[in-house]
Structures are given as C-alpha cells and as structure tokens.
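Report on the structure given below.
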Amino acid sequence: MTKYVINGENKLEGSVDISGSKNSALPIIAACILNGGKTNLYNVPNINDTEGMLEILKNLGCNIKKKGKKICIDSSKINKYDIDSKLMNKMRSSVIIVGAILARFKKASFSYPGGCEIGARPIDLHIKGFRKMGINIDESTGYIVGKCDKIKPTEIQLDFPSVGATENLILVSVFTDGETVIRNVAMEPEIEDLQNFLNKMGAKVSGAGSNVIRIIGVKKLKEISYTIMPDRIETGTFLTYAAMSGGNVEVCKCNTEHIIPILTKLEESGCRIYNEKNRLALIAPKRLKAIDFQTLPYPGFPTDMQSVFLSMLTVAKGTSTVTENIFENRFKCVSELSKMGAKISVLGSSCVIKGVKRLHGTIVKAADLRGGAALIGAGIKARGTTVIENGDFIERGYDNIEFKLKNLNIDIKKIKEHVN
Ligand code: UD1
C-alpha cells in the first residue's frame, strides 16, 4: 500500500522531463511477441502497468532483461498461448496482447476482463473484429478460446473508435496473405507509435492518425530497437499542476503536437504557454478562469485528462461544466475533492464545478489512476496536509511522480506500507 503525503500551497517551479508513454509502451511490449526474436525498447516508463505487461510476457515464456528505461525482450522461446487469468485480471489493458498471440500462433486462450474502476469496458469490438477475420471464438467455458487455421484479411468497420480494439486488430492482421482495412479506427497518437514500431520491424501498416488503417500482411518480422514516444497525459498533468498552483514550469522531452486540445483549454483558463517542438513553458495567472469542456476521442479533449482538469477547476473563478463522453464511471474523485472543500455537483455524465478560493488538506482515497493524479493536484493547492491513500493506483501510470514533483518545489512524500 502506498500513501502520498503533501504539504500544500507551494507553487510548481522549475523544469521536468517527460517519461515514455504508458499507452504506447503497453501495445508495443505486447507486439514484441510477433518477431519471435529480440527487441530492444528504449524510454519505457517505469510504472506498474508496464511491469504487469512484462509479467504476462514472462509467464508466456519470454526472456526479459531490464536496465533503467531500456528493456530487451526475447520472444523466441514462448511456449504457451494461454494468458494467465490472474495476471490478466490485474490489468485490463492486457487484452491487447491477444491480437499478437493470435497472429503468431493462430490460437489464444484468455479470460474475459471484468468491470473496472472507470467503467464496464467490454471487449465486444475486439471479439467482433477477430470473428470477422475468420477466428473462431468460443466463449462457452468461462475462458475465451480463439482458434483458426488462417487469419483472413478483410474489411472491418468499428462501431466506435476504440483504442484497444484498433490496436488488437492491427496486431492480429500483420501476417495475413492480403490487405486488411479497418475503418472508424481510433486516431490517438499511440496508434501511430505502434504503426511506426511495427513498420520498423518490417510490417506494412498505413493510415494511423487518420480514421482508416490498412495492413498488408507480411511473412515475418525482424529484430529491432525502438524508442517509445513521450507520454502526453503526463505532460498535461504537470502543466495542469503548474496552472492550479499558480506556478511556472518548463516541460521538456515532450511532443507538443499531441497535446493541442489540452493546451487550448489551459490558455482559455488564463495560462500563458510558450511552445517549441519538444519543450513547453507555462506561466499560470494569479487566478484561473472557469471553463467548460467535454471528453472525446482524439483529437478531442482526452478522457485521461478529465479528472486532473476537474481538480484544477475546483479553484478557478466562476462555474465550469465538464462532460465525460468516453467512460461512464469517471467522476470517482469528486467525493474526495468535496472533502477538501470543492463544490461539485454531478448530473449524469456531466458535473458542475463552482470554483472556490481555497481547498484544505485532509485524508482522501484514490479510486483510479487519473482520479489519484487529480487528488495530488488538489493536495498541491490545498492549505495544510493532504494524505492520499491507495496511491498504488497512481503508480500504475506515473513514472516517479514523487521525485519529479520534489524537484519542482513540491513538498511531497511517498510512504510504502507493508500489509501482512
Ligand atoms: C485506452 C487507454 C485509456 C484511455 C482510453 C480512451 C490504453 C492502455 N488505455 O483504453 O488510458 O482512457 O483508451 O482514450 O491505451 N468499448 C466498448 N467495446 C469494446 C471496446 C471499448 O464498448 O470492445 C468502449 C469502452 O467501454 C469505453 C470506450 O469504448 O467506453 C472507449 O474504450 P477504448 O477506446 O477501447 O479504451 P481502452 O483501449 O480500454
């Protein structure tokens, strides 16, 4: 069990380097299964979710060597195609490994991921796509077993631009003997990173970043080295902390093109932003202005930034409205923010935030990754001491956040408690 303790009312000041993207690293680690050889990955974030994905690969028989942010994965000796259900249940996004296993072995067995902290997150779009490609999916035993003699290149129209389904269907298509076309795909930058990774291995994927992706099957893939792109949500999180604390930060090693919807909203709330290709500076106003926003698939405002922004708006001047359109259960931090003095009312998928001048520190509990990050923001702003329990959620997605915030003038301590 991890706790974060923050003594608030310090402003973020200084410079921070952004880590590799969690949501790029996860599908790319899964894709290392495809070449049946060695892959060197650089700039891999040191977070619990990447650890979880590596555990699954190890369990399948991969050999993994890790040195700081560099990981070498050798998938030549994989000796099974069933994903351990305990490991899979730990991390919902593990479902993106299924496409890679199916592509390599033409069979995979895995458990159906249950509901999770931010919503039901079904995988019907993944399954529908697999079936369209000629894979026989049997769900009758409690496990899902996928099998086929040959994966058929085909045309797939997604009902919704799901990030995970887009990635899974790209992965499953790499070795077909023809062209697969997937329409209404997710356009998130992480999909482009996966495309670049696969193409460097020798795959033929095109269209990532647009709403149609084409994959021409190849016979085999080669061993490569690849550097994971910067995390756009971590970038947005540090900028938002700076904005709400009234601070002034420089964020380095990021990709500014990926966070335009976030920058636009920060400017609307009164921040000044200086933008270079891989570097950003933000100067916060004396008091932020209230703004309205809604979450949408990329290039709309990212759902993964919703909670942190909501937390920021609790101290903005005026009334803000936030609408969550992607996940049905993403306002879990509201009750905790209210304990700190925030004035928020939730109405279905929207909430109305009446900005207050000050939050006060108390004991709060993280209920999910981004909601936990929202509580860190509130703790930075609040008067007094904030204790955030269930900090393990935060470690799923933020690489060394305590160290980075300390370097930015924030009084934060991480406490690891051992539970017997
Ligand atoms: C990915 C990201 C997550 C981000 C989300 C949306 C990773 C590891 N995680 O999650 O951080 O918040 O994209 O940007 O990249 N849905 C279905 N059926 C499906 C698949 C999805 O109904 O088969 C629904 C989900 O319940 C959700 C919506 O579609 O309401 C979006 O989900 P999806 O884009 O698939 O998100 P993930 O890939 O799970």
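Nothing in this text is a laboratory measurement; each read-out follows from the coordinates by a stated rule. Since the structure is predicted, the reported quantities are computational estimates derived from the model, not experimental observations. In this analysis, Cβ positions are derived from the backbone assuming ideal geometry, glycine residues included, and neighbour counts consider all displayed protein chains.
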Of 278-287, 77-86, 188-197, ordering from highest average Cβ density within 10 Å down gives 188-197, 278-287, 77-86
Counted neighbours (other Cβ, 10 Å), sorted fewest up, put Y42, Y398, Y241, Y274 in the order Y274, Y42, Y398, Y241
The range 86-113 scanned against label point 7 Å out from C148 along Cα→C-beta; backbone N under 11 Å for 102-103, 106-107
With label points set 7 Å from each Cα along the Cα-to-Cβ direction at I260 and I415, the distance between them in nm comes to 4.6 nm
Answer in debye to the nearest 20: the dipole magnitude of the range 156-308 about its Cα centre, from +1 Lys/Arg and -1 Asp/Glu charges placed on Cβ, is 300 debye
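Just want to confirm a number: the relative contact order over the range 169-318, from Cα pairs under 8 angstrom separated by 6+ residues, in percent.
Working: 253 pairs, mean separation 29.9, N = 150.
Relative contact order comes out at 20 percent.
Just rank H418, H258, fewest to most, by other beta-carbon atoms within 10 angstrom. Intermediate values should be presented prior to the final figure.
Values: H418 5, H258 24.
Lowest count first: H418, H258.
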Of 382-390, 406-414, ordering from highest average Cβ density within 10 Å down gives 382-390, 406-414
Sorting I29, S162, S94 by the position of each Cα along the dipole of the range 22-227 (Lys, Arg +1; Asp, Glu -1; all at Cβ), the one nearest the positive end of that ordering is I29
Which of K90/K265; K70/K200; K67/K277; K90/K332 exceed 25 Å between C-alpha atoms? The answer is K90/K265; K67/K277
One can check that the equivalent ellipsoid of the range 1-57, built from the alpha-carbon gyration tensor with semi-axes equal to the square roots of five times its eigenvalues, has lengths in Å, largest first, of 32, 15, 7
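Dipole size in debye (nearest 20) for the range 22-227 around its Cα centre, Lys and Arg Cβ +1, Asp and Glu Cβ -1?
Working: 30 positive and 21 negative charges, 157 e Å.
Magnitude of the dipole: close to 760 debye.
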Taking the alpha-carbon centre of each part, the distance from the range 278-314 to the range 390-412 in Å is 19 Å
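When a footprinting reagent is the concern and you count Cβ atoms within 10 Å, what order do V334, V212 take, fewest first? List each step's numbers first, then the result.
On the way: V334 21, V212 13.
Final ranking by Cβ density, sparse to dense: V212, V334.
Would you mind counting up the charge near G209? Only other residues with Cβ under 15 Å from its Cβ, with Lys and Arg at +1 and Asp and Glu at -1. Before the final figure, lay out each step's value.
Working: positive: R183, R214, R232; negative: E167, E188, E190, E192, D193, E257.
Computed value for this residue: -3.
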Amide H neighbours of M229 at under 5 Å, excluding residues fewer than 5 places away on the same chain, with H built from the backbone geometry, are S21
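Only four residue types carry charge here, +1 at the Cβ of Lys and Arg and -1 at the Cβ of Asp and Glu. Report the dipole size of the chain about the Cα centre in Debye, rounded to the nearest 20. Mind showing how you got there, number by number?
Values: 59 positive and 44 negative charges, 109 e Å.
So the magnitude is around 520 debye.
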The local net charge around I33, scoring Lys/Arg +1 and Asp/Glu -1 for residues other than I33 whose Cβ lies under 15 Å from its Cβ, equals +3
Taking every other residue with Cβ under 13 Å from the Cβ of T154 and scoring Lys and Arg +1, Asp and Glu -1, one gets +4
Simple spin-label estimate for K67/K317, 7 Å along Cα→Cβ, in nm, reads 5.4 nm
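Using only the Cα atoms of the range 22-227, build the gyration tensor, take square roots of its eigenvalues as a ≥ b ≥ c, and label the shape rounded, prolate or oblate: rounded if a/c is under 1.5, else prolate if a/b is larger than b/c, else oblate. Please list the in-between numbers first.
Values: a/c = 1.29, a/b = 1.11, b/c = 1.16.
It is rounded, given that a/c, with a ≥ b ≥ c, falls under 1.5.
Return the inverse of the average 1/r over all pairs of distinct C-alpha atoms in the chain, which is the Kirkwood hydrodynamic radius, in Å to one decimal. The partial results should precede the final answer.
Values: mean 1/r = 0.0456 Å⁻¹.
That comes to 21.9 Å for the chain.
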Of the candidates L125, V352, M229, the farthest towards the positive dipole end of the chain (Lys/Arg Cβ +1, Asp/Glu Cβ -1, centred on the Cα centre) is M229
From DSSP H assignment alone, runs of 4+ in the chain each adding -39500 (n - 2.57), the sum over residues rounded to the nearest 500 puts [θ] at 222 nm at -9000 deg cm²/dmol
Restricting to Cα pairs under 8 Å and 6 or more apart, the percent relative contact order of the range 22-227 works out to 20 percent
Ranking G52, F110, F309 by how far each Cα lies towards the positive end of the charge dipole of the chain (+1 on Lys and Arg Cβ, -1 on Asp and Glu Cβ), the top one is G52
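When only Cα pairs under 8 Å and 6 or more residues apart are kept, what is the percent relative contact order across the chain? Provide the component values of the computation, followed by the final result.
On the way: 1035 pairs, mean separation 90.0, N = 420.
About 21 percent, as a whole number.
Quick check: from the Cα gyration tensor, does the range 22-129 come out rounded (a/c under 1.5), prolate or oblate?
Working: a/c = 1.89, a/b = 1.27, b/c = 1.49.
Oblate, since a/c reaches 1.5 and b/c is not below a/b.
At 15 Å minimum axial length over the Cα atoms and a Kyte-Doolittle cut of -0.5, report the qualifying DSSP H helices in the chain, or say none. Walk me through the numbers before you get to the answer.
On the way: long enough: 48-60 (18 Å, -0.36); 163-173 (16 Å, 1.22); 189-201 (18 Å, -0.75); 232-245 (20 Å, 0.29); 369-381 (19 Å, 0.92).
Span-like helices, by this rule, are 48-60, 163-173, 232-245, 369-381.
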Of 242-250, 63-71, ordering from highest average Cβ density within 10 Å down gives 242-250, 63-71
One finds the C-alpha centres of the range 183-239 and the range 324-377 to be spaced, in Å, by 33 Å
